[in-house]
Amino acid sequence: MNQVIESCADSVLSGTRLSRRQGLALAAAAKEDFEDMLYWADRIRRHFFGDSVRLCSIVPGRLGGCGQDCAFCAQSLYYNTSVDKTPRLLSDEKILSAAAEARSSGVSSFGIVYSGRSPAPAEFEHLLGLVEQIRRSIGIPVCAALGILEEAQMRQLASAGVVRYNHNLETSRRYFPNIVKTHHYQERVKTIQAALKAGLKVCGGGIFGLGETDEDRVELALELRTLGVDTVPMNFLHPIPGTPLGSSPPLPPKEILRIIALYRFLLPEADLKVAGGRVFNLRDMQSWIFRAGCSSIISGNYLATTGRSVPEDKQTLADLGLRIAD
């Protein structure tokens, strides 16, 4: 048994937060003793979450026309990709239908995602009414990912019935300028802080496989821990031709599992949500994410890439003896 990994696990299970130094040592040890890392990550997951896994679904409320230059994004106007760049809103009927389908399939929450820096005032007002309608007529918890917003807007979302705001930091503060230049890291931090001040829960994480180092991965986890987000989406780059990262080599499955396990140690009480890139990158090793410490997944399609159907994911959970969280 790897002594570094076991010592860190004992600390976490006794309620002690790991330091940056311990996180880096853990990342190095995981490369030497993969099985030990997964064994303890699974122990930590079960300690804090038992056999419960949350299923979430998302729908793109606004597609295309994004004026930001995130180097991984197929919807950015900066890049020549196969995705239609014409700005367009999904109809209310389609969003309501998707929410009803998510509710009937047993999904825990339903997210509405808008492309772009932030919605136009008229779009935002319309969305508030739509959220209220979903709350009244369908009853599924609604999450929103609308980009950079102010605290007053967050309070409006909360009043309308949004329970959680999604806003990813993407990577470490140090590495962020290599990925995004049209806005600053601190704007993302302030958006998360605004959501928390407004009483919303926050789903904030990142994307891995951008060329970041283990140090960047540890720094991102510690930043999210300091902010106090309770759910951490973990996306893994699905290279899109035409974007600056379109020719990047995908992360190997075992590397992805090591990253998930590292985050389970560093963020033991956070709901780790494996999201974009799961099917593309993990292939036959998708079910291993739970052993690595995952406690939540996005089920169904993502924004510019396809995912795995809810029935398939439910069958996997049943086969593993895991249950869907309420």
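For the range 74-125, the set of residues classified as farther than 17 Å from Ala144 by Cα and small (Gly, Ala, Ser) consists of Ala74, Ser76, Ser82, Ser104, Ser105, Gly106, listed by residue number. Within the range 85-122, restricting attention to residues that are out of contact with any Leu (no Cβ under 7 Å at 6 or more places or on another chain) and of a type in the set (D, E, K, R), the residue that is farthest from Arg62 (Cα to Cα) is Arg103.
Counting only residues that are at pLDDT below 90, over 16 Å from the mean Cα position of the chain (by Cα) and buried (at least 18 other Cβ atoms within 10 Å of the Cβ), the range 276-324 holds 1 of them. Here Gly246 clears all of (1) within 15 Å of the chain's Cα centre (by Cα); (2) surrounded by fewer than 24 Cβ atoms within 10 Å (Cβ to Cβ) except the condition numbered (1). Of all residues in the range 3-17, those that are in contact (Cβ under 8 Å) with a residue 60 or more places away in the chain and within 15 Å of Leu38 (Cα to Cα) have Cβ atoms under 8 Å from Cβ atoms of residues that are assigned to a loop (DSSP other than H, G, I, E, B) and hydrophobic (A, V, I, L, M, F, W, C), 6 or more apart or on another chain, in Cys8/Leu18; Val12/Leu18. Among the residues of the range 109-124, those that are without any contact (Cβ under 8 Å) to a residue 60 or more places away in the chain and part of a loop (DSSP other than H, G, I, E, B) comprise Gly116, Ser118, Pro119, Ala120.
Based on this model, can you work out whether Leu130 counts as assigned to a loop (DSSP other than H, G, I, E, B), modelled with pLDDT of 95 or more and buried (at least 16 other Cβ atoms within 10 Å of the Cβ)? Here the answer is no, as Leu130 does not meet what is asked.
The values are calculated or read from the model by the stated rules, or taken from the named source; none is laboratory data. Quantities reported herein were computed from a predicted structural model and do not represent experimental measurements. Cβ coordinates were reconstructed from backbone atoms using ideal geometry, including for glycine residues, and neighbour counts include every protein chain displayed.
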